[in-house]
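No lab work stands behind these numbers, since they all come straight from the coordinates. From a predicted model like this one, the values you see are computed outputs, not experimental measurements. With ideal geometry, Cβ positions are generated from the backbone for all residues, glycine too; neighbour counts draw on all protein chains shown.
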Amino acid sequence: MQAQEILRSLRLPEFDEFSQFFRSVPAATLVGLGAFAAVIAYWFASRPKAVKPPCNLLMQSEELEGGGGTRHSVLGDGPKLLTHYYDDARTMYEVFQRGLHISENGPCLGSRKPNQPYEWLTYKEVSDRAECLGSGLLHQGCKASSDQFIGVFAQNRPEWIISELACYTYSMVVIPLYDTLGHGAIRYIINTADISTVICDKAEKAKILLENVEKGETPGLKSVVLMDAVDQQLVERGRNCSVRIQTMQEVEECGRKNRRSPVPPTPDDLSIVCFTSGTTGNPKGAMLTHGNVVADFSGFLKVTESQWSPTCEDVHISYLPLAHMFERMVQSVVYCHGGRIGFFQGDIRLLSDDMKTLRPTIFPVVPRLLNRMYDKIFSQADTPVKRWILEFASRRKEAEVRRGVIRNNSLWDKLLFNKVQASLGGRVRMIVTGAAPASPTVLGFLRAALGCQVYEGYGQTECTAGCTFTTPGDWTSGHVGAPLPCNFIKLVDVEEMNYFASKGEGEICVKGPNVFKGYLKDKEKTSEALDQEGWLYTGDVGKWLAVSHFIWYCNFHSSDTSADQLTDRIAETIDIKSNHWNICRIGGQCHLFQEI
């Protein structure tokens, strides 16, 4: 009784009126109100969520105290620069071993023949073949040392990676060779680096190498290992000029019979010497250590960790040349997490078919390919009505992107953009672009149409690959992001061109564990690029972009010499119309993807 009296005392008169109101409402109306409430609740629960930036986007970098204008990422550990992301992956050898362990010997390298599915080598198979190849090279006279340089002259394929890993397993150093360098540059590299062994893919390339030896132009070359089959005529030709010609399979078999224990490198050991072609003179060999490479991709992992975590389920399509660090950095990230890498068939015209078959989740691109995708999409809107619908849909999705929403399941995706996404395999969740500037219009449209995270970066071989990168959640275009947590960036005056650091403009300088050790056997060029404090002078001009009266963040407009924008060089000036400032590539051509 006492409990009932307490409940009556708590009862509010308004509830009686409320209850009376509902008793007077028809049942059909109540059902309708309930359904409407359920729809609203479902919409709130399932509405697309915006990507939450890992930092204040108005302050993506900050000035180092007492650093004279030096800036660093706010995503790092204060001013302390990142050297590695995982304690068990500090060299490229350890990176692959980590992938082998966490993938539980999952698929690693894949290739395909025309109209066939991909065939895969497991991590253990790749590791075993690399040990056999490395052991075979050692048995035939190579040294397990960072003084031993091995040339690799091949298009992207699984054997390229097996050759690379063979070198890392025994502390040898890879030197990529590629066609666009030209025959003269290849001769120069072989002689400068004292390369005695070159691993190449096809007999045609072996013939180029033999021709140089026959002319007495590369007397130090003693061994050519072919990934493809070898005919007896080529073997005899090599014997006549004291060059041993053999297949990769033969060297692996030799190593299998004479197995050596791995001789792993240290982070300070050289891993690769990348020769970059300049506009004039001989190519320069940028010496990169294992620590350089690990630091650079660790910076990328740190920036993206809040929104993107690589897994064993990730798949990467390899078509950008492995002779360049951009492609190699992406592959390093995949190996480190036990993912898969599928290689294109070698014909860029079949890339779309390869992607549909492979269904990659990671897709590195150069801007020229993005431009072609953009042009193809709009060329198919061949009537005014189709064009209007496409532009309307892209504006709606671009508005979502500006709010931080990245998705591929909207109404516009189902009606229009699903075909675009399917052309890339339908599973891409990350696109990375670099090597040249991306058009803001093209980048903005494709971020919307592809429904995945699209990042842009800036860098050069001398800082391993990248030194700036888009911050997750900052989906604006026309810049290349903030400094990576593995390096500092500062601008210095270029007085003769009226660029002054006090105005936020100047030559871009980079310092950190991702900066190279110098040019191979070229002290003069090294001293021009690196000062005594370890600052890399890139030869590129950049500008910090202000986003408020007092806050600056590291955004660069970038440009290559082929872009229809103002391009100033410290060495010369090319006067092309432009509406804004750019980063300007000064020393070198971009050979990343000439076929596109």
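Just check the range 361-421 against the gyration tensor rule for me: Cα atoms, a ≥ b ≥ c as the square roots of the eigenvalues, rounded for a/c under 1.5, and otherwise prolate or oblate depending on whether a/b exceeds b/c. Verdict is oblate for the range 361-421. Cβ crowding within 10 Å, taken as a proxy for footprinting-reagent exposure, orders E211, E164 from fewest neighbours to most as E211, E164. Relative contact order, whole percent, for the range 406-523 stands at 19, derived from Cα pairs under 8 Å and 6 or more residues apart. Using θ = phi - 60° in the Karplus curve 6.51 cos²θ - 1.76 cosθ + 1.60, the 3J(HN,Hα) couplings for the range 118-128 round to 6, 10, 10, 9, 7, 4, 5, 4, 5, 4, 5 Hz; x is entered for Gly and Pro.
Placing +1 on the Cβ of each Lys and Arg and -1 on the Cβ of each Asp and Glu in the range 324-427, which of G339, H324, L351 has its Cα farthest towards the positive end of the resulting dipole? Of the candidates, G339 comes out farthest on the positive side. Plainly put, the range 122-179 has a radius of gyration that is 0.96 times its Kirkwood radius, both from alpha-carbon atoms, as the Rg/Rh ratio. Put simply, the C-alpha atoms of the range 200-306 give a gyration tensor, and the ellipsoid matching it has half-axes of 34, 22, 13 Å, longest first.
Residue ranges 95-102, 221-228, 83-90 sort as 221-228, 95-102, 83-90 when ordered by packing (mean number of other C-beta atoms within 10 Å per residue, highest first).
Compared with the alpha-carbon gap, the fully stretched path from S309 to D347 is longer by 10.6 nm at 0.36 nm per residue. Taking only the C-alpha atoms of the range 41-187, the Rg (one decimal) and the largest Cα-Cα distance, Dmax (whole number), read 22.4, 72 Å. Residues C452, C200, C463, C486 in ascending order of nearby Cβ atoms (within 10 Å, fewest first): C452, C200, C463, C486. For the pair A399 and F378 in one chain, pulling the backbone fully straight at 0.36 nm per residue adds 5.6 nm over the alpha carbon distance. What whole-number distance in Å separates the alpha-carbon centres of the range 180-216 and the range 303-318? Each part reduced to its Cα centre gives a spacing of 37 Å. When the square roots of the Cα gyration tensor eigenvalues are ordered a ≥ b ≥ c, the ratio a/c for the range 302-407 is 1.5 or more and a/b does not exceed b/c, which makes its shape oblate. When the GluC sites (Glu not before Pro) in the range 263-349 are filtered for DSSP coil states and for at most 16 other beta-carbon atoms within 10 Å of their beta-carbon, the remaining sites are E305, E313. Need one word for the range 317-379: rounded, prolate or oblate. Basis is the Cα gyration tensor (sqrt eigenvalues a ≥ b ≥ c); a/c below 1.5 gives rounded, then a/b vs b/c decides. It comes out prolate by the Cα gyration axes.
For A435, nonlocal amide neighbours, meaning residues 5 or more places apart or on other chains whose placed amide H falls under 5 Å from its own, are G459. For D354, D231, the sequence from fewest to most other C-beta atoms within 10 Å is D231, D354. Quick one: if the Förster radius is 35 Å, what FRET efficiency do R239 and N115 give, using the C-beta to C-beta distance and rounding to 0.05? That gives a FRET efficiency of 0.35. The amide H of S271, built 1.01 Å from its N in the peptide plane, has L288, T289, H290 as neighbours under 5 Å, considering only residues 5 or more places off or on other chains. Placing R0 at 30 angstrom, the Cβ-Cβ distance between Y86 and M497 gives a FRET efficiency of 0.10 after rounding to 0.05.
Scaling against 2.2 N^0.38 Å puts the C-alpha radius of gyration of the range 138-239 at 1.00. Averaging 1/r over every pair of different alpha carbons in the range 376-492 and inverting the result gives a Kirkwood radius of 15.4 Å. Convex hull volume of the C-alpha atoms in the range 256-353, normalised per residue: 203 Å³.
Full extension of the segment from D179 to A50, taken as 0.36 nm per residue of separation minus the current Cα-Cα distance, would add 42.0 nm.
Dipole magnitude of the range 59-215 about its Cα centre, charges +1 at Lys/Arg Cβ and -1 at Asp/Glu Cβ only, in debye to the nearest 20? Here the size comes out at about 520 debye.
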